[in-house]
Amino acid sequence: MSISNSCCAKGPGYASPLEAYRHGPKEKLLYIPCVIPDHSRPDYVATVDVDPESATYKQIIHRLPMPNLNDELHHSGWNSCSSCYADPTAASRRLLILPCLGSGRVYGIDTATDPRAPRVGAVAEPEDIQAATGLSYLHTSHCAPDGSIMVSAMGDAEGSARGSFLLLNQDLSIKGVWSSEDTPYGYDYWYQPRLNVMFSSGWGAPKAFSKGFNPAEVPDHYGNSLYVWDWKARTLKQKIDLGPKGLLPLEVRFLHEPTSPHGFVGAALSSTIIHFTRPADDESWVANVVVEQPWVKVEGWVLPELPPCITDILISLDDRFLYVSNWLRGDIVQYDISDPAAPRLAGRVWLGGLVRKGGPLKVLGGLPEDTPEPPEIPRVAGVELRGGPQMLQLSLDGKRLYVTNSLYSPWDKQFYPSLVEGGSHLLKIDVDTENGGLKLDTDWIVDFGKEPDGPVLAHEIRYPGGDCSSDIWI
């Protein structure tokens, strides 16, 4: 992997992915947005102590409630990250950016003043965002190399589908939209400036997915395409139709190496992993299914087959392993992507889901070859696991994988009522980085079902200094 040419630069983050992988600090704190299922009180950001040397290890040490109701905190990013490393004048990493899927608001959470007790540092109000851009249903945030904060949007205030990108200044004042062009649907994005490219994906229309999931609405209200952008010109160059094997494409990940033309997207409903790349001496990008997971044949569910339902993917900082969460089936899969066009199964761990021994469904077939029978799900520190694995975060050295289990409160209520009633949990998986392999730590859990004011739904995980899905190198 390449190192920044500015060897003396002192901008935020790390000079390269390998520097972060080899020399980055061990995580001590996690920031996790927590959603109140009935929206009767404000959502909050939980600070979790994960320092084994701390007296409060594995405990929630601070809760920061938002000043508003009905936000639906979801994903998060940073005001500044490794994409600004070469600029010593760049803003420091001080604000955790929290776009709200429900309200269309954006919070900037000050984690620098006191990392163990964050506070609200800035707010972009939905009325101002909509007046300036018409955008709402905000999702992914990344910092851009020019110091802007860029947030993907999935719709307008009425819930109609609109894929676009909101630009904010460091104080969260509104700059406008990143491009004058829109896509039919929006969701996630990742940019690779050395190749002058950005990829974005499209989930669906907010007026459809905000009510829960109805399979009959897939043809008219959900996406199956990737969008390829000219990064410098901010123009749409190419649309890649993924067809029936690319339904509901969600998380987009390029390899971390900034010159790499390889990336992946997980298609939630089709439950496939799609590899995209640009062949040598070709201006067009191509996408192909490289992991195809069969649906599980079941009795006792709304359909005769259950999709594994890929809801998150993550790439280790050394670009060796791809991690995939199957929210409905209940497993996390590790693939060796030394050859990005041919991922190789390296590990699997089962963490709940609808497919389990003694579970609510009768399994008739379609399980992975390495798990021919419904798995027995272990208790963790005496706690029965609820829901299925969802958001992933990997330690910088690749040895610890953290996972939460809430997807989106309307979908949680539909597919996992017991998760809503009992609350989320945070688990830790130990990773074999030499030979591949995953092992659940059955003594390690943070149970959000035991929160002082009642169970909450925990979502994305962030470290104070950046991580595998927040930072982009240029």
Simple label model, 7 Å out from Cα along Cβ direction - Leu69 to Asn435, nm = 5.6
Let me know the charge dipole size of the chain about its Cα centre in debye, to the nearest 20, where only the beta-carbon of Lys, Arg (+1) and Asp, Glu (-1) is charged.
-> 240
Taking amide hydrogens as modeled 1.01 Å from N in the peptide plane, which residues meet the under 5 Å criterion relative to Glu305, leaving out close sequence neighbours?
-> Val298
May I ask you to give the solvent-accessible area per residue for the chain, in square angstrom, as obtained with a 1.4 angstrom probe?
-> 35
Set Lys and Arg Cβ to +1 and Asp and Glu Cβ to -1, take the dipole of region 346-474 about its Cα centre, and tell me which of Tyr463, Gln414, Gly353 lies farthest positive.
-> Gln414
Net dipole in debye of region 336-433 [+1 Lys, Arg Cβ; -1 Asp, Glu Cβ; about Cα centre; nearest 20] | 300
May I ask which residue of Phe165, Ser395, Trp444 lies farthest towards the positive end of the charge dipole of the chain, with charges of +1 (Lys, Arg) and -1 (Asp, Glu) on Cβ and the Cα centre as origin?
-> Trp444
Mean-position separation - Cα centroids, region 189-242 and region 410-474, in angstrom = 26
For Ile472, enumerate residues with amide H under 5 Å from its amide H, sequence gap 5+ or separate chain, H modeled in the peptide plane.
-> Ser82, Ser83
Starting from the amide H of Ser225, placed 1.01 Å from N in the peptide plane, find each other amide H under 5 Å away whose residue is 5 or more places distant or on another chain.
-> Gly202, Leu242
What FRET efficiency would be calculated for the residue pair Glu181, Glu369, taking the C-beta separation as r and a Förster radius of 45 Å, to the nearest 0.05?
-> 0.55
Karplus couplings for region 155-170 from phi (6.51 cos²θ - 1.76 cosθ + 1.60, θ = phi - 60°), rounded to Hz, Gly and Pro as x?
-> x, 9, 5, 7, x, 6, 5, 7, x, 7, 9, 7, 10, 10, 7, 5
Go ahead and estimate [θ] at 222 nm for the chain from helices alone: -39,500 (n - 2.57) per DSSP H run with n ≥ 4, summed, over the residue count, rounded to 500.
-> -1500 deg cm²/dmol
Given Lys399/Lys428; Lys413/Lys439; Lys26/Lys428; Lys26/Lys58; Lys10/Lys399, the pairs whose alpha carbons are separated by over 19 Å = Lys413/Lys439; Lys10/Lys399
Setting aside same-chain residues fewer than 8 positions from Lys175, which aspartates and glutamates have a Cα under 19 Å from its Cα?
-> Glu125, Glu127, Asp128, Asp146, Asp156
How far, in nm, would the chain grow between Ala216 and Asp336 when pulled straight, counting 0.36 nm per residue and subtracting the alpha carbon separation?
-> 39.6 nm
Taking K and R as +1 and D and E as -1, what net charge do the other residues with C-beta under 10 Å from the C-beta of Phe199 add up to?
-> 0
Out of Phe199, Ala268, Leu242 - ranked by how far each Cα lies towards the positive end of the dipole of region 194-330, with unit charges on the beta-carbon of charged residues - the top one is Phe199
Could you give the nm distance between label points at Lys207 and Glu127, where each point is 7 Å from its Cα heading toward the beta carbon?
-> 2.4
Labelled set [x] 26.5, 91; [y] 20.5, 61; [z] 24.1, 77; Rg and Dmax of the Cα atoms in Å computed from this model equals the value at [y]
Prolate/oblate/rounded call for region 384-474, Cα gyration tensor, a/c under 1.5 rounded | prolate
Using only alpha carbon pairs under 8 Å that are at least six residues apart, calculate the relative contact order of the chain and give it in whole percent.
-> 13
Would you mind telling me the share, in percent, of accessible area of the chain contributed by carbon and sulfur at probe 1.4 angstrom?
-> 49
Residue-ordered couplings for region 245-259, obtained by feeding phi - 60° into the Karplus form 6.51 cos²θ - 1.76 cosθ + 1.60 and rounding to whole Hz (Gly and Pro as x), are 8, x, 6, 6, x, 10, 5, 10, 9, 7, 4, 6, 4, x, 9
Net charge contributed by nearby residues that have their C-beta within less than 10 Å of Ser270 (K/R +1, D/E -1) = 0
In sequence order, what are the phi-derived ³J(HN,Hα) couplings for region 303-310 according to the Karplus relation 6.51 cos²θ - 1.76 cosθ + 1.60 with θ = phi - 60°, rounded to whole Hz, with x for glycine and proline?
-> 10, x, 10, 10, x, x, 6, 6
Other residues with Cβ under 11 Å from the Cβ of Val123 give, with Lys and Arg +1 and Asp and Glu -1, a net charge of -3
If you take the beta carbon distance between Val383 and Lys232 as r and set R0 to 60 Å, what does 1/(1 + (r/R0)^6) give as a FRET efficiency, to the nearest 0.05?
-> 0.75
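The values are calculated or read from the model by the stated rules, or taken from the named source; none is laboratory data. This one's a predicted model, so the numbers in the text were calculated from it and none came from an experiment. Here Cβ is always computed from backbone atoms with ideal geometry, including for glycine, and neighbour counts include all displayed protein chains. What goes into the accessible areas is simple: the full protein's heavy atoms, side chains included, and nothing from ligands, DNA or RNA. Shrake-Rupley method; radii C 1.70, N 1.55, O 1.52, S 1.80 Å.
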